[in-house]
Structures are given as C-alpha cells and as structure tokens.
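A quick write-up on the structure given underneath.
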Amino acid sequence: MKVRVQTYPGTTLEYKGDKYHYFGGTSYLGIQLEPEFTAIALEMIKRYGTNYGASRRSNIQLEIYEQAETYLAGWIGSEASLTMSSGYLAGQLIAQHFKLGEHRLFYAPNSHSALYTSNTKPYTTYTSLNIALREHLDKKERAVPVVFLDSIDFSGCNYPDFEILKSLPLDSCILVVDDSHGIGVVGENGAGVFRTLKSLPCRELLVCASLGKATGIQAGVIAGERLRIEKLKASDFFNGASPAAPFYLRQFIEAEEIYKLKRKKLQKNISLFLNLTKDLNILNSMPQYPVFGYSDHHVTEGLRERYILVTDFRYPTEDSYATNRIVLTAAHTEEDINALAKALNSLIKMP
C-alpha cells in the first residue's frame with residue numbers, strides 16, 4: 001500500500017482519516033523533527049544561507065568544508081575525509097574513480113546501486129565472489145581488484161562481525177564499504193564500521209555513507225587514507241558537483257550532544273522491543289540494530305489492519321525482492337513500542 005502524505009512522517013501519520021503508528025524509513029535517530037536539532041539548522045541558515053552552489057575549486061572557499069571533513073575523519077577514525085551533497089554521489093565518485101584507473105571492480109551480494117557503474121551486476125553469493133577474485137589474482141594482471149559491499153546488507157552476512165570477508169584475499173584488494181545504514185548508529189560513538197574494518201588485512205579501505213539517514217543531514221561522506229582522499233578531491237567529478245549546503249555541515253558538528261542522547265534512547269527502545277517480542281521467531285535482526293526484517297507479506301497486512309505501517313516495497317526497482325522491515329527510531333515512545341509488540345504478538349498467535 002502506497003501512502004502519500006503532506007508532512008514529514010514521524011512516528012505517526014494520517015491516511016484517509018485514520019491515524020497510524022509508523023515504523024519504517026531510515027531516520028534511525030528520529031532526529032529530523034527534534035526541536036533542538038531544527039533550531040540549530042535555522043541558526044546556521046542565517047549564517048551560511050540555504051545553499052552554496054560554487055565548486056570546491058572556486059577561488060572563494062568556505063572554511064566549514066575543511067572543518068567538517070577534519071571533524072568527520074576524527075569521528076570515523078580515518079586519516080582524512082571529503083564531503084559531497086549526497087551519499088549516492090559519494091558512492092558514484094568512488095566507483096567512477098576506480099573505473100577509470102588500473103582496477104577491476106567486484107561487487108558483493110546486496111551491494112547498493114550507489115556504488116555501481118554502468119551495467120554492473122553484483123555476485124549472487126560470497127562464494128562466487130571469492131572464486132572470481134582468486135581467479136583474477138591468479139592471472140597476475142596489473143589491475144588491482146576493488147571489492148564493493150554494504151556494511152549492513154540486512155542479510156546478516158557483514159555487520160557486526162564481517163566473518164565472511166575474512167575468507168576473501170583482502171590483502172590484495174581495495175575494500176570499499178557503503179556504511180549509510182550504519183553510520184550514526186553502530187560503532188564507537190555511532191561512528192560506523194571503519195574502525196572495525198580497519199583490523200582486516202585489506203590493501204586499502206574506503207568507507208562512504210549518506211549522512212541523511214541516522215544523522216539527518218543532506219550530505220555524503222567518504223573516509224580513507226589521505227592520499228586517496230586527495231586524489232578524489234582533485235577529480236573533475238568532485239569539483240564539478242555542487243557541495244553539500246554548508247549549514248548542514250555546521251549543524252552536524254553542533255548537534256554532537258543531541259546525537260549522543262538519541263543513540264542512548266534508540267538502544268533503550270531496541271531493548272524494550274526485544275523483551276516484549278522475545279517469544280517471536282519470525283523476525284530477523286542484528287545485535288543492537290533497530291531494523292527487524294521478515295519474509296511473510298501477511299505480517300505487513302496484519303499490522304496495517306491494526307493501524308501500524310512498516311517499510312514494505314520493492315527496492316531499488318519493481319523487479320527486486322520486496323523489502324519488509326520494521327524500523328525502530330529514537331523518536332518512538334514506550335507506548336508506540338508497546339502497541340507494536342502487542343500487534344505482533346496477537347498477529348502471530350492467530351490461527
């Protein structure tokens with residue numbers, strides 16, 4: 001069921017005169033409508049304006065970009081970082097950069113389309129990816145293999161342990177990881193998976209992410225070694241695109257304490273939900289993560305009949321598998337979660 005709304009869907013929404021609980025989307029910290037958060041945005045708009053359309057190569061440069069990129073690198077745990085106007089563009093910058101060089105691109109199962117170049121097809125299993133990588137390396141060609149994957153692919157293969165990656169010949173590979181669904185939520189201080197992946201013996205590590213999900217700002221980030229980041233910054237792709245609006249980047253820095261409080265609230269909500277649904281076995285989840293998947297479409301319909309809407313659509317195309325997910329956020333109240341758990345428990349117990 002597609003629902004069109006006129007305002008941002010928070011924890012509830014109205015449709016055809018009925019009020020629904022909403023447990024979908026990607027606003028994991030539930031911060032987009034937080035009064036303190038939006039107040040920072042308004043204050044920063046007064047300083048920077050609503051947008052800045054000049055190239056990063058312009059002779060007039062705003063200091064906030066380098067300040068934010070230094071801040072992000074320190075937070076994520078990388079030598080350096082760069083920002084773009086979206087996570088999709090950040091992924092495309094990396095893909096196009098390696099496509100033009102002496103590299104061979106390999107895509108893990110369920111990797112996001114933001115990482116694809118034209119006519120890209122991901123491997124269907126990690127076994128087939130492993131075989132392809134080793135066959136390429138055995139040929140001793142000059143092209144360095146670049147492996148693209150999502151940190152959280154909702155299949156449980158990667159986050160939190162990334163055990164399956166350890167079977168790959170990582171010491172000969174550049175690893176590019178899209179952490180859009182992890183950054184802001186998982187890792188030390190919500191900094192994502194970079195520090196975890198840094199312990200793997202890969203030839204080089206790059207992490208890209210959208211900051212528009214958990215952290216609620218319209219921007220993308222790439223983190224990695226300083227030399228690689230400088231090469232990316234020197235590209236026509238980077239300098240030809242308008243940057244993220246500067247007020248977003250200052251808002252992100254100023255909201256550090258708000259993010260901390262929201263992460264604590266999110267973990268509390270996850271613990272409550274797990275406790276209330278501990279007897280259910282239809283939900284798939286990852287440790288300390290707010291998304292709960294399932295395969296039975298009838299669950300979606302049953303929840304809708306109980307005035308609860310969840311994520312349920314085909315992505316990224318109509319030919320893709322359906323995405324069925326219950327998403328908790330830090331904005332949900334105890335009453336919201338109790339209502340969800342009650343509906344799920346009654347639904348599953350029905351004959």
Radius, Kirkwood style, for region 221-272 when every pair of distinct Cα atoms is counted (Å): 14.0
Applying the gyration tensor rule to the Cα atoms of region 1-112 (axes a ≥ b ≥ c; rounded if a/c under 1.5, else prolate if a/b exceeds b/c, else oblate), the class is oblate
When the helices in the chain are scored as -39500 (n - 2.57) per DSSP H run of 4 or longer and the sum is shared across all residues, what 222 nm value do you end up with, to the nearest 500 deg cm²/dmol? -11000 deg cm²/dmol
Carbon/sulfur fraction of accessible area - the chain, other protein chains in place, 1.4 Å, %: 50
For region 211-351, max minus min Cα coordinate along each principal axis, in Å, sorted largest first? 62, 40, 25
Can you give the convex hull volume of the alpha carbon atoms of region 73-143 per residue, in Å³? 133
log10 I(q)/I(0), Debye, Cα-only region 120-223, no solvent, q = 0.10, 0.14 Å⁻¹? -0.29, -0.55
Phi angles of region 51-60, converted by Karplus (6.51 cos²θ - 1.76 cosθ + 1.60, θ = phi - 60°) into ³J(HN,Hα) in whole Hz with x for Gly and Pro, give 7, 9, x, 7, 5, 5, 8, 4, 6, 10
Calculate, for the chain, the solvent-accessible area per residue in square angstrom, rolling a 1.4 angstrom probe over the heavy atoms of the protein chains. 49
Packing-based ranking, highest mean first, of 280-291, 238-249 given that Cβ atoms within 10 Å are counted: 238-249, 280-291
For the chain, the fraction of alpha-carbon pairs in successive 20 Å shells from zero, as %: 29, 56, 15, 0
With R₀ set to 30 angstrom, the calculated FRET efficiency between the beta-carbons of THR70 and TYR8, to the nearest 0.05, is 0.45
Show me 201-208, 165-172 ranked by packing, highest mean number of other Cβ atoms within 10 Å first. 201-208, 165-172
If the elastic network links every pair of Cα atoms under 10 Å, which of ASP150, ASP336, ASP178 fluctuates the most in the Gaussian network model of the chain? ASP336
Considering only DSSP beta bridges whose two residues both sit in the chain, what percent are antiparallel, to the nearest 5? 55
Search the structure for amide H atoms under 5 Å from the amide H of ASN324, placed 1.01 Å from N in the peptide plane, and list their residues when 5 or more places away or on another chain. TYR294
From the phi of every residue in region 245-258, what ³J(HN,Hα) in whole Hz does the Karplus formula 6.51 cos²θ - 1.76 cosθ + 1.60 yield, where θ is phi - 60° and glycine or proline is x? 4, x, 5, 4, 5, 5, 4, 4, 5, 5, 8, 3, 5, 5
Which FRET efficiency, nearest 0.05, do LYS16 and ALA234 yield, Cβ-Cβ r, R0 56 Å? 0.60
If you count, for each residue, the other Cβ atoms within 10 Å and average over each peptide, how do 14-24, 53-63 line up from highest to lowest? 14-24, 53-63
For GLU36 and ARG134, compute 0.36 nm times the residue count separating them, minus their Cα-Cα distance, and round to one decimal in nm. 30.1 nm
Karplus couplings for region 75-91 from phi (6.51 cos²θ - 1.76 cosθ + 1.60, θ = phi - 60°), rounded to Hz, Gly and Pro as x? 5, 6, x, 9, 5, 7, 8, 9, 10, 9, 6, 7, x, 4, 5, 4, x
Taking 0.36 nm per residue of separation between ILE282 and GLU79 and subtracting their Cα-Cα distance, the length gained on full extension comes to 68.9 nm
Once you keep just the Cα pairs under 8 angstrom separated by 6 or more residues, what percentage relative contact order results for the chain? 25
Label point at LYS342 placed 7 Å out along Cα→Cβ; residues across region 14-43 whose backbone nitrogen lies under 13 Å: 21
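The values are calculated or read from the model by the stated rules, or taken from the named source; none is laboratory data. Please read all numbers here as calculations on a predicted model, not as lab measurements. Positions of Cβ are backbone-derived with ideal geometry, glycine not excepted, and every protein chain shown enters the neighbour counts. The area values use the complete protein model at the heavy-atom level, side chains included, leaving out ligands, DNA and RNA. Shrake-Rupley method; radii C 1.70, N 1.55, O 1.52, S 1.80 Å.
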